[in-house]
Amino acid sequence: MKNIIKYLLLPVVLVGFTACTNLDEELKDRYTENFDPSNPGVGIKNNVNKAQPNDGLQGAFSSLLGWHATNGGFFGIQELGTDEAVITQKGGDWYDGGAYIKVHKHEFTPQTWEINSVWSNAYGGIFKCNTLLGDAAISADAGKVAQLKTLRAYLYWILLDVFGNVKIVTVAGQDAPQATRQEVFDFVEAELLEAIADLPAGR
């Protein structure tokens, strides 16, 4: 009987020594009274957002708004078909003709609007970059040219990532033959390496 008690007591002692005693945890899903944001939002008195720069490049950079990091853009195509993100449909809410379910199930068709959104918006941004690069005043400023080429390279990287073989158009209004995935990669890399030296410092 003593041996049985010893054998039963041993696991209890081991669990007692190895068990976690500090059960406090930092909850990351809620704000506390100590939360002091440095950027509390538009309309707040101490908001630190800066005004949009009046450098003539806004048209190109605004091409990322509304599709780039949203459910119907690059983020949606990259993440909704994985286990990293999901848009759940509750009845008719967010059903949208089954669009998100089809992306989740990898049932892409030529009518998959999220894919069309990435294509048309990326090329729309490239068109804006090419148009501005063709402007004499902007093309005379190495810093502005570097920013536009970096943005254009980024948009081509998105096209490369989603589609692979695409047309590399560098002059607004002109067409180009379809390039291979390697050619697109080489173009993106060369544009970024060339632009680095002239990119303005700071954010």
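The values are calculated or read from the model by the stated rules, or taken from the named source; none is laboratory data. Every value quoted in this text rests on a predicted model; they were computed, and no experiment measured them. Because the Cβ atoms are built from the backbone with ideal geometry, glycine has one as well, and the counts that use them run over all protein chains shown. Ligands, DNA and RNA are stripped out before the accessible areas are found, and what is left, the full protein with its side chains, is counted by its heavy atoms. Shrake-Rupley method; radii C 1.70, N 1.55, O 1.52, S 1.80 Å.
Given a 1.4 Å probe and the protein chains as shown, Asp198 ends up with an accessible area of around 80 Å². The phi-based Karplus calculation (6.51 cos²θ - 1.76 cosθ + 1.60; θ = phi - 60°) puts the 3J(HN,Hα) values of the stretch 158-168 at 4, 4, 4, 5, 8, 10, x, 7, 9, 7, 9 Hz, whole numbers, x for Gly and Pro.
Counting lysine pairs in the stretch 40-170 that sit 8 or more residues apart in sequence, or on different chains, and whose Cα atoms lie under 26 Å apart gives 10. Remark on Lys167: its backbone amide H falls under 5 Å from those of Ala179, a criterion applied only to residues 5 or more positions apart or on other chains, H modelled at 1.01 Å from N. Taking Lys and Arg as +1 and Asp and Glu as -1, the other residues whose beta-carbon sits under 15 Å from that of Val145 total -2.
Calculate, for the stretch 55-136, the solvent-accessible area per residue in square angstrom, rolling a 1.4 angstrom probe over the heavy atoms of the protein chains.
Working: 4500 Å² over 82 residues.
The answer is 55 Å² per residue.
Here the gap between Glu26 and Asn116, fully extended at 0.36 nm per residue and compared with their Cα-Cα distance, gives a gain of 28.2 nm.
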